[in-house]
Amino acid sequence: MRYRELGNTGLKVSEIGFGTIPVLSGNVPVLPDYYSPDVDEAVDIMLLACRMGCNLYDTAIPEEYGDAEYKLGVFARKVGRENIIISDKARFMDGNDMFREVMRSAENLGTKPDIYFVHQVDEKNEDETFSRYGALDALCDLKRAGIIRYTGIATHYYSVAARAAADSRVDVIQTSGNIMERGIMDRIAENEDFKGKGLILNKVYAAGCLLSTFTPGELIGGVLHWPFSCALIGIGTPEQAGIALTEYPPAQFTFEQVKERLSEHFPPIGCTRCQRCVCPRGYEVHILLRQYNYYHLGKRYWAMKKMRMNIAEVYAACRSCTGRPCMKNCPQQLNIPELIERIYGMTE
């Protein structure tokens, strides 16, 4: 296992981190119905990962991750708390709510989290998160009190990540990227503000979608050139631990090579999710383009449900738009109105 500096925190983290979604149990929306190990099984899987060199374990509050916090706490006591780094998160933007949730997480874990993230910060709730007395302020107070060691912002939006990078209160940023959805990571690599920040990457497998076309080694090796500190992989079985924690050589793919591989199975939309396709009416074009690709990569029910949420109004707005700023800003020169029409046709 290789290790990288986590920004300016002084921590050294394993290049591959353990995502705890697959080891949870409970009636929660993200529960993978084909895992759900009991406590002993979950702890054994985490112990195996630790023996293979993994030292960062990422979890979240019970409403999202079921009993994963508790299982991780049992593992921490068994392996020795000083031997691992725990990152935790909660989706609360108000300072009072965040303070309460961090204290609850510490109780569930039976220990203090090393890094705590404001989870899923987006363009609608970022002002509250970053405001005075918002969630980030609460994390700073908890850091000063010694309840957590480092503050974090977790987001799928480049604009939010860039705001976090420019904010001295933020120690670590967690965001998403893979060999297909590389737009955020490409922009981070170009932005000097991110230097000195710890950067944790998730969605390396694109929620499992890319495993139908690429091997785990290609997906993991294909992201190693980006300037993150740790890539999180969801691990639910000993076999998955062995695959994810193997030391893979860098295997840099160009975006053209990724599209070519996908083209063997379906006509992909060549969107990197750089998020430059800003719609004047506020529609998130990049999410619809992603769901089209996810649909063809096997997530049919889930992707179709997402596409049907607002595709009719997006299609109507797109047809009446004359400025086309989304196309002007797209580095891939995509004909976005034509693609929106294609997606609308699929949902019909």
| query | Nearest 0.05, what FRET efficiency do GLN332 and ASN96 give at R0 = 41 Å with Cβ-Cβ as r? | reply | 0.45
| query | With axes computed from alpha carbons, what is the tilt in degrees of helix 311-320 against the longest principal axis of the chain, rounded to the nearest 10 within 0 to 90? | reply | 50
| When the helix-only estimate is applied to the chain (DSSP H runs of n ≥ 4, each -39,500 (n - 2.57), divided by the residue count), what is the mean residue ellipticity at 222 nm, nearest 500 deg cm²/dmol? | -11500 deg cm²/dmol
| remark: Scoring only Lys, Arg, Asp and Glu (+1, +1, -1, -1) among other residues with Cβ under 15 Å from the Cβ of PRO227 yields 0
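I need GLU126, GLU264, GLU338 ordered by Cβ neighbour count within 10 Å, fewest first.
Lowest count first: GLU264, GLU338, GLU126.
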| query | Around ALA166, with a cut-off of 12 angstrom between Cβ atoms, what is the net charge of the other residues, counting Lys and Arg +1 and Asp and Glu -1? | reply | +1
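Could you work out how much longer the chain between GLN257 and THR215 gets when fully extended? Use 0.36 nm per residue separation minus the Cα distance between them, nm to one decimal.
Details: separation 42, 0.36 × 42 = 15.12 nm, distance 1.44 nm.
Residue separation times 0.36 nm, minus the Cα-Cα distance, leaves 13.7 nm.
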| message | Please report the spacing between the Cα centers of the stretch 56-107 and the stretch 226-246 in Å, no decimals. | response | 19
| DSSP-defined beta bridges in the stretch 3-253 - what % are antiparallel, rounded to 5 | 15
| query | When each pair of different Cα atoms in the stretch 266-347 is counted once in the 1/r mean, what is the Kirkwood radius in angstroms, to one decimal? | reply | 12.7
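About its Cα centre, how strong a charge dipole does the chain have in debye, to the nearest 20, once Lys and Arg get +1 and Asp and Glu get -1 at the Cβ? Before the final figure, lay out the partial values.
Numbers: 40 positive and 44 negative charges, 118 e Å.
Value, rounded to 20: 560 debye.
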| note | Magnitude of the Cβ-charge dipole (Lys and Arg +1, Asp and Glu -1) of the stretch 227-348 about the Cα centre, nearest 20 debye, reported as 460
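Work through the residues other than PRO216 whose Cβ is under 13 Å from its Cβ and net out their charges, Lys, Arg +1 and Asp, Glu -1. Write out the running numbers ahead of the final one.
Values: positive: none; negative: GLU218, GLU239, GLU247.
Local net charge: -3.
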| Hey, fewest Cβ within 10 Å first, where do TRP226, TRP302 land in order? | TRP302, TRP226
| task | Quick one: what are the phi-derived ³J(HN,Hα) couplings along the stretch 49-59, Karplus 6.51/-1.76/1.60 with θ = phi - 60°, whole Hz, x for glycine and proline? | result | 4, 5, 5, 8, x, 6, 10, 10, 10, 10, 9
| message | If you fit an axis through the alpha-carbon atoms of helix 95-109 and take the longest principal axis of the Cα set of the chain, what angle between them do you get, 0 to 90°, nearest 10? | response | 60
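No lab work stands behind these numbers, since they all come straight from the coordinates. Remember, it's a predicted structure, so these values are computed and weren't measured experimentally. Glycine also receives a Cβ, built like all others from the backbone with ideal geometry; neighbour counts cover every protein chain displayed.
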